[in-house]
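Notes follow the structure.
Since every read-out is calculated from the coordinates, none of them should be taken as a lab result. Note that the structure is predicted; figures quoted are calculated from it, not measured. Positions of Cβ are backbone-derived with ideal geometry, glycine not excepted, and every protein chain shown enters the neighbour counts.
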Amino acid sequence: MRLFTALFITIASQPSFSQEAATFDRLTFHQAPKTLSSKAVNQEWPRVLGPSDDSSISESPLLKIFPESGLKPIWEVAMGEGYTSPAIVGDYCVIFHALDKKETIECLHRETGRRFWIKDYPFEYQDRYGFGNGPRSSPVIADNVVVTLGVTSMLHAYDLKTGAELWQKDLRKTYNVPQDFFGAGSSPLILDGRVIVNVGGKAEAFDSFEDRQERARKLASKGVSVAAFDLKTGKELWKIEDEWGASYASPVPAKLHGQTKVLIYAGGESDPAIGGLFCLDPATGTLHDRFAWRDEEYIQATGSSPVVIPEKNRAFITTCYPKNRPIGGVMVEFDSQFKAREVWQSKKIACHWMTPIYKDGHLYAIDGERENNSRLVCVNADTAAEVWAKNLEWEDAELAAAQGRSNPMRLSIMRANLLKVGEEVLCLGEIGSLHWLKLSPQGMEEISRSQLFYALNTWSLPALSHGLLYVRQQAAGLDRQTGMRILCYDLRGE
């Protein structure tokens, strides 16, 4: 008995596999969250667009009126580079970033920020456009397995509770995946034990010495565009060969004519640009249809995922390219054979990376490719008519003072993200403002606002689970007081 006890203690004390979450040097704990209400309605946040894959969640009761002094974090963890959202299941909150030239996966306790385990591996990546060099794809959790896709197309699976590596695959090497504009950035979808990835592979390998024409020829070649892998073993289950590459949008499940299909907006670097919407069977990999929706302009990197309207067997896709004259968005309807036909198209809803939300027959989104031309829009999902467009702006004296200015600065949400929570919407602005909004065809009402921090490039959708909001600050603060980090806020209501 003593030998068994000693053996158990030895195994349980191994740092990578301990079930006791421990503090660490990058964690700052501020305060404990409120106790969950006995009437609380909560969900997990297992993947980038939430439990329903549509930027929505059911959580109540929640704090709707922010304190005048602003929301204060429960805890925060300093992070490296990356444009990712966390995944939360049970007590586990998984984050993914680049730290000390290693892609790093950490499993934290959701209420304290203490760490259960950490895993990392070296990688080499240099962004071609000067943005951060970390991962773009968010972690995904299913059946106690964490799956990550790194910026260089390294696919890993880890045990959620212990951090033990289950398998890994070098997709770039196996499938000749080019770097593309910003590396790999489409988050995987885990469905019925299958890890579905918009791989974006090509027929031939790439090297850094080829000329533009040779590269363009290879980028247009047919390779493994989409593949599915067994969640437990990593074994390839099926693959789709196509010349459409990998976008920065994530695959989503879709209930069409009573059957579960997967929709993927595909389209990587190519000259001229090619891509569009795949509709496929997740069990067999059968490609039902490919609906082309992409301008021929060379530089395009779409991160907005398809928005499914199952009751009408429809889906909406959008892109903000080409600059100054975007093709915008298109609504398609699938017939009983899962072939897509265009219902309408509009240049009034052209999204960069945020995924629109669907609510009561309307789409709400941030239209516009750049900060100075972005706007919050409401579009009728049946007719494509623009119902209204707003610029949510306010004056801020605090940032002005930090930058030595005497007059308040005019701020706005710019290219924000929207998260539907019940009948209302949480909006995370591009420089760190958080807003509760009521959105309807009649207009926009701001319920409350809190400036969480002042930092550019706040591009990742926040995660909400069990009344706690997780926000990624992806750049150093404009007030020169904060750095890259993840923050946890208590939104639990009475």
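Descriptive notes on the structure:
- In plain terms, if you count all Cα to Cα distances in the chain and split them into 20 Å steps from zero, the share in each step is 24, 58, 17, 1 percent.
- Separation between Cα centres of the stretch 442-494 and the stretch 213-239, rounded to whole Å: 36 Å
- Sorted by Cβ neighbour density within 10 Å, fewest at the top, the residues Arg172, Arg26: Arg26, Arg172
- Debye intensity ratio in log₁₀ form over the Cα atoms of the stretch 348-402, taken at each q of 0.26 Å⁻¹: -1.00
- Net +/- balance of residues flanking Lys218 in space, Cβ distance below 13 Å, scoring K and R +1, D and E -1: -4
- Once backbone amide H atoms are built at 1.01 Å from N, Ser448 has Trp436 as its partners under 5 Å, excluding neighbours fewer than 5 places away on the same chain.
- Rounded to 0.05, the FRET efficiency of the Ser52 and Ser406 pair, given R0 = 56 Å and the Cβ-Cβ distance, is 0.75.
- Relative contact order (percent, whole number), the stretch 182-301, Cα cutoff 8 Å, 6+ residue spacing: 22 percent
- The stretch 179-288 shape via C-alpha gyration tensor axes, a/c threshold 1.5: prolate
- Pairs from Lys101/Lys218; Lys218/Lys255; Lys173/Lys222; Lys119/Lys173; Lys173/Lys232; Lys218/Lys261 whose Cα-Cα separation, in the structure shown, is over 24 Å: Lys101/Lys218; Lys218/Lys255; Lys218/Lys261
- Phi to ³J(HN,Hα) by Karplus 6.51 cos²θ - 1.76 cosθ + 1.60 over the stretch 233-245, Hz, x for Gly, Pro: 10, x, 5, 5, 9, 6, 8, 10, 9, 7, 7, 5, x
- Alpha carbon centroid spacing (whole Å) that separates the stretch 339-383 from the stretch 122-142: 27 Å
- Euclidean distance between Cα centres, the stretch 251-268 to the stretch 42-108, Å: 25 Å
- Lysines with Cα under 19 Å of Lys64, excluding same-chain neighbours fewer than 8 positions away: Lys34, Lys39, Lys72, Lys420, Lys438
- In the chain, helical runs assigned H by DSSP with n ≥ 4 each contribute -39500 (n - 2.57); averaged across all residues and rounded to the nearest 500, the mean residue ellipticity at 222 nm is -1500 deg cm²/dmol.
- For the chain, relative contact order (Cα pairs under 8 Å, six or more residues apart, normalised by length) works out to 13 percent.
- In a simple Cβ point-charge model (Lys, Arg +1; Asp, Glu -1; nothing else charged), the chain has a dipole of about 300 debye relative to its Cα centre.
- Only Cα pairs under 8 Å and 6+ residues apart enter the sum, and on that basis the relative contact order of the stretch 146-208 stands at 31 percent.
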